[in-house]
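Asker: This is the structure I have questions about; it appears just below.
Read-outs throughout are calculated quantities, based only on the coordinates presented, and are distinct from any laboratory measurement. Quick caveat: nothing in here was measured; it's all calculated off a predicted structure. Neighbour counts are summed over all protein chains in view; Cβ atoms, including those assigned to glycine, are modelled from backbone coordinates with ideal geometry.
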Amino acid sequence: MPVIISDETLAQAGLTEREAVVEIACRLFDAGKLHLWPAAKMAGMSRIEFEQELMSRKIPVYRPTLEDLAEDVATLERLRARE
């Protein structure tokens, strides 16, 4: 389903159509509504280009979870046990 944003609204926001699509994709990624690759595709960018866009907006690209942290701690403990 296409979303239509009037030229008047884009002009008021100071955005081109392309800029608006990138803005929406970045906001959806930041809100956790889209993962990185789907958001990049929505913006019409490669993953790397989209990551650069996120970084320029100071939006974290990677968001480790508590589960990620627990896995990292477990890995460090296994490595220490080998020494």
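Asker: Count, please, the residues in the stretch 4-38 that happen to be under 15 Å from Glu53 (Cβ atoms), among the small types (Gly, Ala, Ser) and free of Cβ contacts under 8 Å to residues at least 24 places away in the same chain.
Answerer: Total satisfying the criteria: 1.
Asker: Something else: Testing Ala43 on (1) within 10 Å of the chain's Cα centre (by Cα); (2) closer than 21 Å to Met1 by Cβ, one condition comes back false. Which one is that?
Answerer: For Ala43, the failing item is (1).
Asker: What's the total number of residues in the stretch 1-34 that are over 20 Å from Ile59 (Cα atoms) and acidic (Asp, Glu)?
Answerer: In the first step, residues of the stretch 1-34 are kept if they are over 20 Å from Ile59 (Cα atoms); the result is 1-14, 16-17.
So of that shortlist, the ones also acidic (Asp, Glu) come out as 7-8, 17.
Result for the stretch 1-34: 3.
Asker: Output the residues belonging to the stretch 51-72 that are of a type in the set (Ser, Thr, Tyr) and within 11 Å of the chain's Cα centre (by Cα).
Answerer: Matches in the stretch 51-72: Tyr62 only.
Asker: Out of Val22, Val73, report the one residue that is surrounded by 12 or more Cβ atoms within 10 Å (Cβ to Cβ) and of a type in the set (Val, Ile, Thr).
Answerer: Working: Val73 fails: surrounded by 12 or more Cβ atoms within 10 Å (Cβ to Cβ).
Just one listed residue meets the conditions, Val22.
Asker: Could I ask something else about it? Quick one: which of Met45, Met1 is part of a loop (DSSP other than H, G, I, E, B), out of contact with any strand residue (DSSP E or B) (no Cβ under 7 Å at 6 or more places or on another chain) and surrounded by 12 or more Cβ atoms within 10 Å (Cβ to Cβ)?
Answerer: Going through Met45, Met1 in turn, just one is part of a loop (DSSP other than H, G, I, E, B), out of contact with any strand residue (DSSP E or B) (no Cβ under 7 Å at 6 or more places or on another chain) and surrounded by 12 or more Cβ atoms within 10 Å (Cβ to Cβ): Met45.
Asker: Continuing with the same structure: List the residue pairs whose Cβ atoms are under 6 Å apart, where the first residue sits in the stretch 44-70 and is over 18 Å from Gly32 (Cα atoms), the second is surrounded by 10 or more Cβ atoms within 10 Å (Cβ to Cβ), and the two are 6 or more positions apart or on different chains.
Answerer: none
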